[in-house]
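*Asks:* Before anything else, here's the structure in question.
A short reminder: the numbers here are calculations on the coordinates, not readings from a lab. As the structure is a prediction and not an experimental result, all values here were calculated from the model. With ideal geometry, Cβ positions are generated from the backbone for all residues, glycine too; neighbour counts draw on all protein chains shown.
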Amino acid sequence: MRTPRYPLIALACFTAASALAQTDFRKATWGMTVAQVMATESKPPAEVRESNGETIVEYDSIKLAGLPGRAIYVFAKSKLARAKYFFEVEHADENVFIADFRAVEPLLRETYGKPASERAIWEDDAFQDEPKSYLDQDRASPANILPSDRFVGLSVSAGYLRLYTQWRTGRTKVLHALTGENYQITHQIEYRSVKWETLDREVRQPGTRQPQ
């Protein structure tokens, strides 16, 4: 009796569909061309620019966790190698940026699981009641930094405090960061392709390629 081939066909279709369903950033996968990535978005990009083998494609009016921002695709020699969400929010109370960071964290944890690392890095205790030695020990994780804590937002904006959470899968490195400089706060999530990371680095920093 001949075994029906239909189950094999169904399995092949399921495998193909699963491969197509896999995405790395929004609806795109690493290694896609600019044209392929643009086809995954529902509107034209706000900006496309090229420089020394790197192409950057930006989409504005994007929301994540209810926060407005931009989605940025970075191509190294026409291959999608890096991407990021760059949040564009203004707050009169700088501590609200801490609340924003904490609002995004559960979405990333739901997608990627437990972080590989999470750090609150204190460069200076100038705006804090506790000394740096205490902060480095007892407030060394983003989970220990609360919107209700005095002047933590100000510490971030001055560059005295940085919050980082990192994940790594077999395909992607993810860095969620809240940093500041000159009293301006930057909140972003950066995604890096594991496969194309070396190529991306070579394009951004010519001459850094390691010997084979």
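*Asks:* Compute the acute angle (0 to 90°) between the alpha-carbon long axis of helix 6-21 and the principal axis of greatest extent of the alpha-carbon atoms of the chain; round to the nearest 10°.
*Replies:* Roughly 30 degrees between the two axes.
*Asks:* Report the charge-dipole magnitude of the chain in Debye, nearest 20, computed about the Cα centre from +1 at each Lys and Arg Cβ and -1 at each Asp and Glu Cβ.
*Replies:* The calculated dipole for the chain is roughly 1640 debye.
*Asks:* Here's a follow-up. From zero up to wherever the largest Cα-Cα distance of the chain sits, split into 10 Å bins and tell me the percent of pairs in each.
*Replies:* Pair shares across the bins are 8, 28, 29, 21, 9, 3, 1, 0, 0.
*Asks:* Which Cα, out of Gly31, Pro68, Trp122, lies furthest along the positive dipole direction of the chain (beta carbon charges, K/R +1, D/E -1)?
*Replies:* So the residue furthest toward the plus end is Gly31.
*Asks:* By how many degrees, 0 to 90 and rounded to 10, does the Cα axis of helix 96-112 deviate from the longest principal axis of the chain?
*Replies:* For 96-112 against the chain, the angle is about 30 degrees.
*Asks:* Whole-Å semi-axes of segment 151-212's equivalent ellipsoid, largest first, each the root of 5 times a Cα gyration tensor eigenvalue?
*Replies:* Taking √(5λ) for each Cα gyration eigenvalue gives 30, 15, 8 Å.
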